[in-house]
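Below is one structure; the comments refer to it alone.
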Amino acid sequence: MAGAVERGGAMIVRMSPAADDRQREQIVHLLRERGYDVLALAGGGQPVIGLNGKPIEEDLPAWLSRQPGVEQVVKPGPAYTLAAREVRPAGTVVRVGQVTFGAGDPVVIAGPCAVEDRDQLLRTAEAVRQAGASMLRGGAFKPRTSPYSFQGLGEIGLELLAEAREATGLPVVTEVLDTEQVEVVAHYADMLQIGSRNMMNFALLRRVAATGKPVLLKRGFAATVDEWLLSAEYLLAGGNDQVVLCERGVRGFDTATRFTLDLNAVPLVRQLSHLPVIVDPSHGTGRRELVPPMSLAAIAAGAHGLIIEVHPEPERALVDGRQTITPETLADLVRRVRALTAVTADVLTGI
Ligand code: PEP
Ligand code: MN
C-alpha cells in the first residue's frame, strides 16, 4: 500500500498525565476519522490507546505527537503491543478483592489441585488462611491428560469454592477450561485461571476477557515468552487489563522433575511487560520437597506472588499429591517468604 509502513498492526498513543478526557476523546475521534480501529484501554496508569486493523501510515506517529495531550507515540514491538512495558512503565496493579498483585508484598495463593469434597475443601481453605495465604485456589473443572482420570466436580466444585470464600474471606481463583463454562465460572470465581494447556485457546481468551474479571494466565508448557505475552495481548485487546501472568514450568529433556521451572522468565517478563508475574512451583517441579526452595528462588527473582498446591493429606489427594505440601509446610514457607521479602524489597529495586 502506497504511503504505508509495510508492517501492519498496532501502536500506542500515551497521553500525558495532565491530558483531560476531552483531549483523549479527540484523539480517538481523529483516529477513527482516518479509518483506524481504536482500543481505549481503561484502568490504572495513564490512558492508553491501541490501534489496529490496518497498516500504520508513515506520517501518523509524527502527526499524532503534535496533537494536544499526547505525550508519546510508542512504536509497535515485534509482536505484542498492549502488553509491552512501555504502555505502563510503572507496572499494572491487578486487584482481586483486597488482594493486590504488582504492589506491596508478594501474594500467596494456596489450596488443593482439585476440589474433592466439602470437608476437604473447607479444611484446606481454613488451614491455608491460618498459614498466611491470601487467596484460595482449587480446580472444579480439571484438564486431565487421561479422559479416565478424575475430571473435577464441575459446578458443585464451584459452589463449594464459593462456600469456602464465605467461610474464610479468601478470594477464589479457579480454572475455566472451555468457552461454554465461562459464564458459570465467572459467576462463582473472583479470578479466572487459564491453564497451561489452554494458553493458546484464543476463543477462550476472548470470552474470558469479556467477563471483565481478573485473569490468571498460565504459561503454556511449550510456549515461548513471546507467545505467552501474545496470549496476554488477546486479553488486553479484549479490553481487560486485569491480567496476572503465571510461570509454571516448561518441558525440557530432563524427566527428573515434572517440568523445568523457568525462572529466567520472571525478570524477563518484568522487563518486557507491565503485567504482574507469579510462579507455580508445584507444577513447575512436580516434587513437594522442591516447592519451598523454588518458591524462595521465585521471590528472589522478582515474582509478585506464588500459587501453591496444599492438601491436609497430600498422599490421599486425588490429583497431584506428589507435588502437594501440607498446611504446616505452607505456614513455614510463608514465614520464610516474608523474611526474604523484607530483604528483597530493597535489593530488587530497579531490577
Ligand atoms: C492447575 O493449576 O490446576 C493446573 C492444571 O495447572 P497447569 O495448567 O499449569 O498445568
Ligand atoms: Mn495440579
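Listing for the model above:
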read-out: Members of region 295-329 found to be more than 23 Å from residue 90 (Cβ to Cβ) and away from ligand 1 (no atom under 16 Å from the Cβ), listed by number; value: 296, 297, 312, 313, 315, 316, 326, 327, 328, 329
read-out: Residue that is more than 16 Å from ligand 2 (Cβ to nearest atom), in a helix (DSSP H, G or I) and either over 29 Å from residue 39 (Cβ atoms) or at pLDDT 95 or above (or both), where the choices are 290, 236, 333, 263; value: 333
read-out: Qualifying residue in region 276-287 (condition: more than 15 Å from ligand 1 (Cβ to nearest atom), touching a helix residue (DSSP H, G or I) at 6+ places or on another chain (Cβ under 7 Å) and not in a loop (DSSP other than H, G, I, E, B)); value: no
read-out: Qualifying residue in region 190-197 (condition: small (Gly, Ala, Ser), in the same structural domain as residue 221 (by TED's automatic domain parsing) and either part of a loop (DSSP other than H, G, I, E, B) or within 16 Å of ligand 1 (Cβ to nearest atom) (or both)); value: yes
read-out: Among the candidates 241, 320, residue that is buried (at least 20 other Cβ atoms within 10 Å of the Cβ), closer than 20 Å to residue 199 by Cβ, assigned by TED's automatic domain parsing to the domain that holds residue 195 and within 16 Å of ligand 2 (Cβ to nearest atom); value: 320
read-out: Which listed residue, of 230, 192, 205, is touching a residue at least 60 places away in the same chain (Cβ under 8 Å) and aliphatic (A, V, I, L, M); value: 230
read-out: Tally of residues being within 16 Å of ligand 2 (Cβ to nearest atom), closer than 19 Å to residue 166 by Cβ and among the small types (Gly, Ala, Ser) across region 97-117; value: 2
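To keep it simple, each residue is scored yes or no on (1) without any contact (Cβ under 8 Å) to a residue 24 or more places away in the chain; (2) within 12 Å of ligand 1 (Cβ to nearest atom); (3) within 23 Å of residue 334 (Cβ to Cβ); (4) in the same structural domain as residue 339 (by TED's automatic domain parsing).
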position	(1), (2), (3), (4)
108	no, no, yes, yes
111	no, yes, yes, yes
118	no, no, no, yes
123	no, no, yes, yes
130	no, no, yes, yes
136	no, no, yes, yes
140	no, yes, no, yes
168	no, no, yes, yes
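The values are calculated or read from the model by the stated rules, or taken from the named source; none is laboratory data. Since the model is a prediction, treat every value here as computed from it, not as a measurement. Cβ sites come from the backbone with ideal geometry, for glycine too, and all protein chains shown count toward neighbours.
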